[in-house]
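A.B. asks: This is the structure, below, for whatever I ask next.
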Amino acid sequence: MKSLFKRLNDIFSLPYMAPALLLAITILAYGLFFWQLGFYWDDLPISWIRYQFGLGALVRYFSTNRPVWGLLYQITTRIFPDVPVYWQIFALFWRWVTAVLVWALIRQLWPGRRSLAFVISLLFLLYPGFNQQSGAFLYSHFFIVLSFLLFSWLLMLWSFRNPKRFWLLTIFSLCFSALNLWMMEYFFVLELFRPFIILYFVRMNDEDHRPSHAARRISLLWLPYLLVFLADVYWRLFIFNDQVYQTVLIPSLKTAPGATALELIKTIFSSLWVASVQAWIQAFHFPNPFVDGLRITFLYAVVVLFVFALCSFYLLSVLNKEESKNQKWWPILLGLVAMFLAGGPFWLINLPVTLGYPENRFTLPFMLGVSMLFAGLLQFIPARIRLFLCAAFVALAAGRQIWWADSFRRDWITQKNMFWQMTWRAPGLKPNTLVLVNQGALNYYADNSLAAALNWIYDPHPHSPEQIHYALFFPTNRIGNNLPELQAGLPIQYNYLVGMFNGNTSQVVAFYYQPPGCLRLLDPQLDPQNHFIPDESLMRAAAPLSSSAWITPDATADMPQVYGPEPAHGWCYYFERADLARQLGDWSRVVQLGDIAFHLSDYPNDPVERFVFIEGYAHESDWNQVKDLSLTSFRVSPSYVGPLLCKLLARIEREVPLSSDKESSLNQLRTKFQCLP
């Protein structure tokens, strides 16, 4: 046993074991579902624009905001196709690279502190304030830019330690600094953390400790980087006009300096608290097997145990090999400085730093500072206790990240099912149709994201990006803005940056989607009174606008390869196809589909899903089925379903030819449901 522990200790003591462990933990925390994850939020519109309209449209998309960053997408999207699994692996790689760069950076600042470097890089890697790693298409590019900044700092420190290669390393460092500054604003102000790194290096390594000497040395070392920074500030102020994000802090300070300054102080401290303490509290949320399922609870436990074991073994192996443990305050001080600088871009444009989705992306610049601060504070705890505390914290954070990854996995499946069901119900849509869908069924998509998928599916061979044929709105998001009111005859315009959608509220299809229920085209006669649809969704108010007239039976929709193979045909498939047959007046087809659907092991999850079959069996004079299905639906909720069934029976009364069986059956049902005359 002793020989085994000695061998493990020798393995974990290898010089580059830390990067290897960081890779293993990256895979455990983020990569266990990599082949089951998809495109989320802005992944969908950017990939749609790139792969549907080409590089020129991508340039146009980024022209109003982050044009240099757009060049990075031009490179990466030439390498990888629109297949999510490639982007998931790509994003994992860059997440790991940034953690290794943090480890290398800390090793340069504190050469003898192997455990400190490993802990900071782990806290950085598993930081629970940011939970969007699964949005791989978008955030791989965020982490590439962050790696430019980290690598620039690392090159700078190497240049200080290698006088013979000082200028060569400095030139490369300046180039990577410029790439960070010109590409995006998230890590822009963090560039000002550089002089503090220089300050620490000079203080620790120069023999002359006179303040005047230190100030002159720091100024000379920082000067080339300052010039690059000022050049980018000039470009942003006087050459490139960002049309998306505008500075609001400076004008407010001019008009109301006192109130603005006070509000800014509150915002700063709120942001720091959210990005540090509240962010890490999330690591102490645990899955509930009765709510989240046994599978993810078991996987969470396995990940936590494995990460805890790996971290504990490594920290134990390096604990007795630590060199000087002085300067305990420096990681804390540098961490606080980095945290204050991290919030600059968001405070300037008045964007709140929160932990909600998708705004928790604003915590990305805080990751390094928070990690240094917490690792520094842990240095004041006795070594053995500190070791297990660090291992426990990062293990819980790894478990939280895999739990989030599972929620992204499930949301991708739900979103794919929604669009597959839509194509079953609506094989084609007439151009310039506005699609309304309720918010809340999907967690990681905006309506703008889904609009990209809608166009990708229903306009698979676009002639020009200038004219976008379809828009998808959540009424709760758009009412009073892009969607003035829920009434017919109002023009709708929406700018997708690469093109414009022009529609009208008189050309609308409205769907309600609340899994496990099927996607359902709203019936303008029935659904305004359907109380299974919550008031706050506004979909009952939208139902009168909905019309199947804009749905064509021609199968013009073409699912992109990102949506994979068609799912197995369960209840929802037969429901959607039956509803399409109802639209076309093909009642025998409705009955045929119903005969199959009601013999499946699958079943309806919404009583209204039986209505299309009730109507179909009525038109085919199978009144026993009409009565059985009506009573089954009624028993689910008499107060909610009864009034809807009464309206459905009234429509059957108008449209189905007169017969004695019809009158007898309808009278029995109207009496049962207490329908008014």
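Please treat every number below as a calculation from the coordinates, not as lab data. All of these numbers come straight from a predicted model, not from anything done at the bench. With ideal geometry, Cβ positions are generated from the backbone for all residues, glycine too; neighbour counts draw on all protein chains shown.
A.B. asks: Counting only GluC sites (Glu not before Pro) that are in a DSSP loop and have at most 14 other C-beta atoms within 10 Å, tell me the longest site-free stretch of the chain. It would help to have the intermediate numbers written out before the result.
C.D. replies: On the way: sites that count: Glu207, Glu322, Glu323, Glu466, Glu485.
Result, exposed sites excluded: 1-206.
A.B. asks: In which sequence would Asp232, Asp535 go, from the one with the fewest C-beta neighbours within 10 Å to the one with the most? Walk me through the numbers before you get to the answer.
C.D. replies: Numbers: Asp232 18, Asp535 9.
Least to most surrounded, the residues fall as Asp535, Asp232.
A.B. asks: Let me ask another. Determine, for the chain, the count of lysine pairs separated by eight or more sequence positions (or lying on different chains) whose alpha-carbon distance falls under 23 Å.
C.D. replies: Here the count comes out as 10.
A.B. asks: Which longest uninterrupted range of the chain lacks any chymotrypsin sites (Phe, Trp or Tyr not before Pro) assigned by DSSP to a loop state (not H, G, I, E or B) and surrounded by at most 11 other Cβ atoms within 10 Å? Intermediate results must be reported in sequence, preceding the final value.
C.D. replies: Details: sites that count: Tyr16, Phe380.
The segment 17-379 is the longest one with no such site.
A.B. asks: Would you mind calculating the gained length between Leu351 and Leu168 on full extension (0.36 nm times residue separation, minus the Cα-Cα distance), in nm to one decimal? The partial results should precede the final answer.
C.D. replies: On the way: separation 183, 0.36 × 183 = 65.88 nm, distance 3.89 nm.
That works out to 62.0 nm of additional length.
A.B. asks: Counting each DSSP H run of 4 or more residues in the chain as -39500 (n - 2.57), what helix-only mean residue ellipticity at 222 nm follows after dividing by all residues, to the nearest 500 deg cm²/dmol? Spell out each step's value before the answer.
C.D. replies: On the way: 28 runs with 397 residues, N = 677.
That calculation yields -19000 deg cm²/dmol at 222 nm.
A.B. asks: When the expected Rg is taken as 2.2 N^0.38 Å, what fraction or multiple of it is the alpha-carbon Rg of the stretch 426-567? Walk me through the numbers on the way to the answer.
C.D. replies: Details: Rg = 14.5 Å, N = 142, 2.2 N^0.38 = 14.5 Å.
That works out to 1.00 for the stretch 426-567.
A.B. asks: If you don't mind, another one. For the chain, would you read off the P(r) tail past 35 Å as a percentage of all alpha carbon pairs? Show your work: numbers first, answer last.
C.D. replies: Numbers: 119756 of 228826 pairs.
Pairs farther apart than 35 Å: 52 percent.
A.B. asks: Follow-up. Relative contact order for the chain using alpha-carbon pairs under 8 Å, separation at least 6, rounded to a whole percent? Display every interim value, and only then the final one.
C.D. replies: Working: 980 pairs, mean separation 93.4, N = 677.
Once divided by the residue count of the chain, the mean separation gives 14 percent.
A.B. asks: Gain in length, Lys430 to Ala555, computed as 0.36 nm per residue apart minus the alpha-carbon separation, to one decimal in nm? Before the final figure, lay out each step's value.
C.D. replies: Details: separation 125, 0.36 × 125 = 45.00 nm, distance 1.16 nm.
Computed gain between Lys430 and Ala555 is 43.8 nm.
A.B. asks: Grab the eigenvalues of the alpha-carbon gyration tensor for the stretch 483-613, scale each by 5, take roots, and send me the semi-axes largest first in whole angstrom. Working shown, then result.
C.D. replies: Details: eigenvalues 151, 76, 45 Å².
In descending order the semi-axes read 27, 19, 15 Å.
A.B. asks: For the chain, just give the cysteines left without a disulfide-compatible partner, judged by no other Cys Cβ under 4.7 Å.
C.D. replies: So, Cys175, Cys311, Cys390.
A.B. asks: Taking Cα atoms of the stretch 568-677, Rg/Rh with Kirkwood Rh, to two decimals?
C.D. replies: Ratio value, two decimals: 0.95.
A.B. asks: What size of dipole, in debye to the nearest 20, comes out for the chain about its Cα centre when the only charges are +1 on Lys and Arg C-beta atoms and -1 on Asp and Glu C-beta atoms? Before the final figure, lay out the partial values.
C.D. replies: Values: 50 positive and 44 negative charges, 638 e Å.
For this selection, approximately 3060 debye.
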